[in-house]
1. Would segment 261-276 turn up any residue that is part of a helix (DSSP H, G or I) and either in contact with a helix residue (DSSP H, G or I) (Cβ under 6 Å, 6 or more places away or on another chain) or surrounded by 20 or more Cβ atoms within 10 Å (Cβ to Cβ) (or both)?
2. Suppose we filter segment 30-61 for residues that are out of contact with any Asp or Glu (no Cβ under 6 Å at 6 or more places or on another chain), under 23 Å from residue 214 (Cβ atoms), open to solvent by less than 30 Å² (accessible area, probe 1.4 Å) and not aliphatic (A, V, I, L, M); how many remain?
3. Mind counting the residues in segment 549-564 that are open to solvent by less than 40 Å² (accessible area, probe 1.4 Å), under 29 Å from residue 265 (Cβ atoms) and either in contact with an Asp or Glu (Cβ under 7 Å, 6 or more places away or on another chain) or among the aliphatic types (A, V, I, L, M) (or both)?
4. Given the criteria open to solvent by 10 Å² or more (accessible area, probe 1.4 Å) and touching a His at 6+ places or on another chain (Cβ under 8 Å), does residue 249 qualify?
5. If you go through segment 210-235 one residue at a time, how many are modelled with pLDDT of 95 or more and of a type in the set (D, E, K, R)?
6. For segment 282-331, how many residues meet the condition of being more than 18 Å from the chain's Cα centre (by Cα) and part of a helix (DSSP H, G or I)?
7. Please go through segment 238-265 and pick out each residue that is in contact (Cβ under 8 Å) with a residue 40 or more places away in the chain and within 28 Å of the chain's Cα centre (by Cα).
8. Out of the residues in segment 1-26 that are under 21 Å from residue 67 (Cα atoms) and of a type in the set (A, V, I, L, M), state the one that is surrounded by the fewest Cβ atoms within 10 Å (Cβ to Cβ).
Amino acid sequence: MSAYPITSVEELTQALLEQEDGACLCVERGASDDVISALIAKASHLVHNGTPARIVCPDDVSAARYRAALASHHGLGGDAVATAREFALEAMADPRVQSAVGRSARVLDENEHDVLMEDVKVSGLKPGRLREMLKFFYKSISDTADEDEGWLVTSEEQTVHAILLENLDVRQALLPCEVPSMAYRGLVGAGIEPEPVALIVDDYGSLSKATQRLIRYLATSGLVAVRSALPVANAEEPYPHFDGFDELAASCDAAFVLETERRVAPRKSVVLDSPEAEFAFVARAVRKRLAAGTPPGDVLVAVPNPTWGSQIKAALAEIGVPSNFERGSVKIKGDPRAEGRNGEIKLATFLKLYLDPHDITALRSWLGLGDWLLRSDAFLELMAYARDRNCTVAEALASLRAVSDDERATTVFGKFDAPLDELEELRAACSSIGRDEAVELFATHNMPLGPSAVELLGSDAAHADIERLARCAFGVSDDIRPCGSVTIAPYRYCHGRSAAVTFVTGLVNGFLPALDAVDDKHTVDHRRVALARERLLFVDLLQTARDETVCSRFTRDRLENASVLSMQTSRVYVKDGVRCAAVTPSEFADVSDEALVVPEDAPRELETRVLYASTTL
């Protein structure tokens, strides 16, 4: 279907309102075009006419922007906006859906995924090959290819996939990539008729194929799908299906292309001697912009990794500039296998079990703490024990706890006694405990509480608010505040943002572009795909700025830092007794228009199985 050209957001708003309420509409916008007002106006119009409407966003950042903009529109509450993940989990929350797929609406976090990896290692595969095979599985699930008969070819793939599914079924939990697929299968399998609702989806093209299918299935009263002309995905979706928008547009009722005349923000590049010099420069430049009248919320600092973000946040704090490091869900640091290095992980796991004693996923993590193999051998035997007796793992544990180790079928189950005893002791102690006693209790069990966690226990010395600690201690690192302070975000979390000035920091090879785009250890085809991907990411970063983009880089760093942070280096030397590395400038360092042109024939991605095979053989 041909698309109608639109030259302003106001014209787009009018065009959307003129269409029938139940129509399927497609809108392509520029990467820097803000269409929030048009989409909210359409949603408000639908609700006013009696059609329930919801806005689906790709990530938490865009959802926060929509919720902030809803204040001036009556009839649309905060629940009118949801992320794609939240939207799918709402469908999964239906007991009928859970019964149809045999899973609950519980999603594994990154630390729990590490434990799952250990359990799947019983397959005997080397860790590197196993990781690549799991990526193949996850992409196939996101692309719905796992529903095709014969999608697994080798017996090795079939074995590893069976082990993965058994562990997920035992946990009654979902991988993040499984949520939309399982929700759709559960709705169809349970024969649930979707409720009438119109869905307005921003950045539709950056969602996975499974998410797009779920949205089309549930949008029974109309669908408005919007995509960015730049094929770049948000950080929360590793497997976007960009072609899904074209497939939808081919059969939609009307399509529009927003082509606004927006001035390209001027760009400048700054070269510093070291990372420390770069941190100091960015802090001074941000303060100068704020002094000139730029609101703090209109300044964006794009960083390559959490280390850079933390250092720049500290540099800003030193000169009195408040900042907010927005990096999505944060993996808890530590090694679950080592006592003394798993304190935060252990505390987070216990608090999950405190809130829900039946959380088998958290219980599995708890059982493995402090063991080099996370007691995967014993858990494998436990799953077999439960399977042979046609009971759940929790029921199997309860029955084994009721008999002595001598009476058990095997002594391997004795490995669970110590962690289960400790869990029971903690639960009993936390039922009624004072604040200071709680601090001492957690410290005794190698779970020391930091100042912020102690504050969550409350001000009453006679009563520790353990429930408040459990609910608030391990949330997202910082609240998402669109306007409150200077925003610091990793490159891939800047997608869809808008700021007066954007600072793109760490512009060296290894950061941007990533190392797989420039390192000779990868194939030519892989580097070609990766370089095109990274170039699009850089263009997307530049599109976030309205007035100015400042790109900064450094020329050297300590050799150990360059190695740990995956920088590409050109030479190594010693200066003042310190081993240093000269860092290679980014392929895009000159920020010229020529450097930002993506070849039309550049492939968007390699075939999944080719990537999986070439990196593991």
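1. yes
2. 1
3. 3
4. No: the conditions fail for residue 249.
5. Looking only at that region, the number is 2.
6. Selection size over segment 282-331: 23.
7. 238, 239, 241, 242, 244, 245, 248, 249
8. If we take residues in segment 1-26 being under 21 Å from residue 67 (Cα atoms) and of a type in the set (A, V, I, L, M), then 17 is surrounded by the fewest Cβ atoms within 10 Å (Cβ to Cβ).
The values are calculated or read from the model by the stated rules, or taken from the named source; none is laboratory data. Being a predicted model, the structure only gives us computed values, none of them experimental. Note: ideal-geometry Cβ built from the backbone for every residue, glycine included; neighbour counts use all protein chains shown. Calculation scope for accessible area: heavy atoms of the full protein, side chains included, ligands and nucleic acids excluded. Shrake-Rupley method; radii C 1.70, N 1.55, O 1.52, S 1.80 Å.
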